[in-house]
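A.B. asks: Sending over a structure as structure tokens; questions will come in a sec.
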Amino acid sequence: MPEHDTYERLISLLDTSSVDYKLIGHAPEGATEAVSALRGHPVSEAAKCIVLRVKTDRRTTRHVLAVVPGDRRVDLDAVRTLFAARYVGFSDAETAERLARAMPGTVLPFSFDPELELVADPDLVGRPRLYFNAARLDRSLAVSGPDYERVARPRVERIASAASPA
């Protein structure tokens, strides 16, 4: 299955990059709030990953993997400004799955496709611990924000909105 290939690629990347990580097994779940409860951490420590379609002009479409803290939302206006785009919206499921190489609910905060630009919010990479599904609904990873930034090499820009109301 492709999601297991993505999982194996991630583990290999972390191992070869000497990243200290923790694997967490849990019941299958992809929703940020629910899986955070299963893993036993605040939602703010989760990495929420959203694939966006960014149209910079009538003929040019880019795809961006936006990564924000789990208790925040992607600020589409901030992404629009960042890319000087005419339009920013959520990618369709088929494109998101193809580019992220993972099904919805399991998208990694890493890009293994050159067509998928990775942008992470500074509030995420500054966290001592990040949690995210590891391209599988039943397995997650925990890594430090600095290790994540070092290995994933995202473009770090303010793209998260204010915290969502509880």
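Each value in this text was obtained by applying a stated rule to the coordinates, not by laboratory testing. Keep in mind it's a predicted model, so treat the numbers as computed, not measured. Neighbour counts are summed over all protein chains in view; Cβ atoms, including those assigned to glycine, are modelled from backbone coordinates with ideal geometry.
A.B. asks: Once the range 10-88 is represented by equal point scatterers at the alpha-carbon sites, with solvent omitted, what log10 I(q)/I(0) does the Debye formula produce at q = 0.15, 0.20, 0.21 Å⁻¹?
C.D. replies: Log10 I(q)/I(0), no solvent term: -0.72, -0.94, -0.97.
A.B. asks: Excluding Tyr21 itself, what net charge comes from residues whose Cβ is under 11 Å from its Cβ, given Lys and Arg +1 and Asp and Glu -1?
C.D. replies: -1
A.B. asks: Separate question: For Thr56, put the label point 7 Å out on the Cα→Cβ axis and report which residues of the range 69-83 keep their amide N under 18 Å from it.
C.D. replies: Correct set: 77-83.
A.B. asks: Using amide H atoms built 1.01 Å from N in the peptide plane, name the residues 5+ places from Ala160, or on other chains, whose amide H lies under 5 Å from its own.
C.D. replies: Asp75
A.B. asks: What is the sum of charges, Lys and Arg at +1 and Asp and Glu at -1, for the other residues whose Cβ falls under 10 Å from the Cβ of Leu124?
C.D. replies: -1
A.B. asks: Given bins 10 angstrom wide, list per bin the percent of all Cα-Cα distances in the chain, short to long.
C.D. replies: 11, 42, 37, 9, 1
A.B. asks: Could you check the spin-label model distance between Arg158 and Thr16? Points 7 Å from the Cα along Cα→Cβ, value in nm.
C.D. replies: 3.7 nm
A.B. asks: Turning to a different aspect of this structure: Can you check what the net charge comes to around Leu99, using other residues whose Cβ is under 12 Å from the Cβ of Leu99 (Lys, Arg +1; Asp, Glu -1)?
C.D. replies: My count for the surroundings of Leu99 gives -2.
A.B. asks: Over the range 104-166, what lengths in whole Å, largest first, do the semi-axes of the equivalent ellipsoid take, defined as the square roots of 5 times the eigenvalues of the alpha-carbon gyration tensor?
C.D. replies: Three semi-axes, in Å: 17, 16, 13.
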